[in-house]
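**Student:** Structure provided below as C-alpha cells; questions to follow.
The values are calculated or read from the model by the stated rules, or taken from the named source; none is laboratory data. A quick note: this is a predicted structure, and the numbers were derived from the prediction, not measured. For neighbour counting, all protein chains shown are included, and Cβ atoms are generated from backbone atoms with ideal geometry for every residue, glycine included.
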Amino acid sequence: MDVIIPILGLLVGVGVGVAVGYEIRRSVAKKRTESAELRAEQLITAAKTKEKDLLLEAKEKTIKIIDEAKREEADRRKELQHIQDRLEKRETLFDQKLLDLESKNQKIEDQKKKFEDAQVEVQKIKEEQKAKLERIAALSKDEAKTILLDLVEKQEKDALTSRILKLQKESSETFEAEAREMITTAIQRNAASQAQELTTTNVALPSDEMKGRIIGREGRNIKAIEQLTGTEIIVDETPQAITVSGFSAIRRHIAKRALDALIKDGRIQPARIEEAVEEAKRDIAIEIKKAGEEALYELGITGVDPKLVQILGRLKFRTSYGQNQLQHSIEVAHLSRILAEEVGADPVNAKKGGLFHDIGKAVDHEIQGTHPELGYNIMKKFGMPEEIAYHCIGHHEDHPKTLEAIIVKAADAISGSRPGARKDSYEQYIQRLEELEKITKTFPGIEKTYAIQAGREVRVFVTPQEIDDLAAHKLARDMATKIEQDLQYPGEIKVTVIRETRVIEYAR
C-alpha cells in the first residue's frame, strides 16, 4: 500500500505536466496563427496598393501612346494630302503637255504633207526640164554624162596624174617618217641577239672507240636509239664526235642527252638505252615548262593555264628559217607592247597576242593543219578571250580586224626581217626569186622583170605604149596584192614599176 500511493502520485504529476504542456503549446500555436494571418493581411493590402499604382501607370502610358499615334496619323494625313496635291498638279501639267504635243504633231504632219507635195512637184518639174534638155541636145542623160566625163578626163588627165603623185609622195613621206621613228625606237628598246638553229646536233665522244660501242653488235644499239628518239645517228669519220640529225629539235636534244648519259655511265645496251631516253624525256619536259614560265615572267604575264605554259615552252625547240621561235615570240611581245604604247592601243592585249601569235608552231609537226588555225584553237581551248586568240590568225591576214592585230603583224615582220634574224637555203632562195619574177610576168604589158636585193625588191619594166602613168600605179598595187596572196616570205617586198619612153632622132 505504501508503494502504490507514491506511484499514483507520480502518475498524477505526469498527467498534470502533460496537460499543462499541451495548453502551453496550444497557446503558442494560436499566437503564431494570429501573427501569420496579420502578416498575410498586410501583404494583401500592399499588393492591392501596388496593383492600383501599376494600373494607373499603365493607363498613363496608354494615353501617351494613343496621343502619339493620333499625332502621327495627323502628320501622315497631311503628307498624303500634300502628295495628292502635287500629283494632281503634275497630272494637270501632263494633260496640258499632251495636248500641246498632239497639236505639234498635227502641225508636223501638215508640214510633212506640204513638203511631200512640194517634192513631187519639184520632181515633176525636173523631169520636164530634163525632157526638154534631151530634146534640145538630142542626147540622153547617160550619153551626155559619158561625153562630159571623157572630155574632163582628156583635159585633166595630166593634172590629175601629177596631183595623185604629189599627194602620194607627201603622204608616204610623212607616214614613212613617223613609222620609221616608231619602229626604230621599238627596235632600239628591244635589241636582242639572234642565234640561228640548225637541223643537226653534235655529240662529243671521249674517244673513237666509243663509236663502236654506240653502234653495238650488228647495229642494235644505234637502231634502238634511233627508234626510241625518232632521229638519225650519223657516225662518220669526224674524230671524237657523232651527229644527231632530225627536223625536231626536241627529239635531237632528247637523243643528245640520252647519249651523254650513256657515254658517262659506260653501259650501252638496249635496256639501258631505253632508261636513258626516258630520263632525257623527263628532263626535257621540265626544261620546256621552265622555258615557258621564264618567258611569262620576263613579260609580266600571269594567270595562264599550266598546260598552255608547257605548249609555249615547246617553242624553245622550234625554229623558223633558223630563228628560235620562243625568242622570236618574246621579241614580238616586247615590240608589240612598245608600238601599242606609241600609237595609243592596248599594250596588254598586244603583248599577250605577240607572245602567243605563233603558239600553233609548237604542235604543227604533230597535228594536221596550219599553225594559225592550230594556234587559234589552242587559245580558245584554254579559255583565252577572242581578242587575244584572234592574233594567231590576224598576223597572217592582209587586213587584220583590230589595231592590236595590225601592231602584232608589224612586230612579227620586224622580228623576222631584221638582219641576221633568219636565214634561207640556197635552193629556197633561188626558188623564191624565180617565183617572184614569174608572178610579175603574168600581167599584161610587161617587158621584163628583175628580182633584186635578195628578193626584197622586184623591178618591173612595162611597155610605155600599153601602160600609161595611171595604169602603172594600178599595176603596182595589183602586183603587190598578188605577191601577198601567192608567196610566203619574211618581211616585205618592194614593187617598183618603171615606165620609160625614149625618143631618138638623128641629125644628118
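**Student:** Of the residues Ile311, Ile288, Ile284, which is closer than 14 Å to Phe356 by Cβ and surrounded by 16 or more Cβ atoms within 10 Å (Cβ to Cβ)? Full working, then the answer.
**Tutor:** Details: Ile288 fails: closer than 14 Å to Phe356 by Cβ; Ile284 fails: closer than 14 Å to Phe356 by Cβ.
On inspection, the qualifying residue turns out to be Ile311.
**Student:** Now a separate question. In the set Ile183, Ile233, which member is modelled with pLDDT of 65 or more and either outside the structural domain of Lys409 (by TED's automatic domain parsing) or part of a loop (DSSP other than H, G, I, E, B) (or both)?
**Tutor:** Ile233
**Student:** How many residues are loosely packed, with under 10 Cβ neighbours inside 10 Å and either modelled with pLDDT of 90 or more or within 55 Å of the chain's Cα centre (by Cα) (or both) if we restrict to the range 121-144?
**Tutor:** 1
**Student:** Considering only the range 238-256, state which residues are part of a loop (DSSP other than H, G, I, E, B) and either more than 18 Å from Leu205 (Cβ to Cβ) or modelled with pLDDT under 80 (or both).
**Tutor:** Filtering the range 238-256 down to residues part of a loop (DSSP other than H, G, I, E, B) leaves 238-240, 246-248.
Residues satisfying the conditions are Thr238, Gly246, Phe247, Ser248.
**Student:** If only one of Leu315, Leu296 is within 19 Å of the chain's Cα centre (by Cα) and among the aliphatic types (A, V, I, L, M), which one is it? Write out each step before concluding.
**Tutor:** Numbers: Leu315 fails: within 19 Å of the chain's Cα centre (by Cα).
Of the residues listed, the single one that is within 19 Å of the chain's Cα centre (by Cα) and among the aliphatic types (A, V, I, L, M) is Leu296.
**Student:** Now a separate question. Of the conditions (1) surrounded by 17 or more Cβ atoms within 10 Å (Cβ to Cβ); (2) closer than 27 Å to Gln327 by Cβ; (3) among the polar types (S, T, N, Q), Asn221 clears all except one; give me its number.
**Tutor:** Tallying (1) surrounded by 17 or more Cβ atoms within 10 Å (Cβ to Cβ); (2) closer than 27 Å to Gln327 by Cβ; (3) among the polar types (S, T, N, Q), Asn221 fails exactly one: (2).
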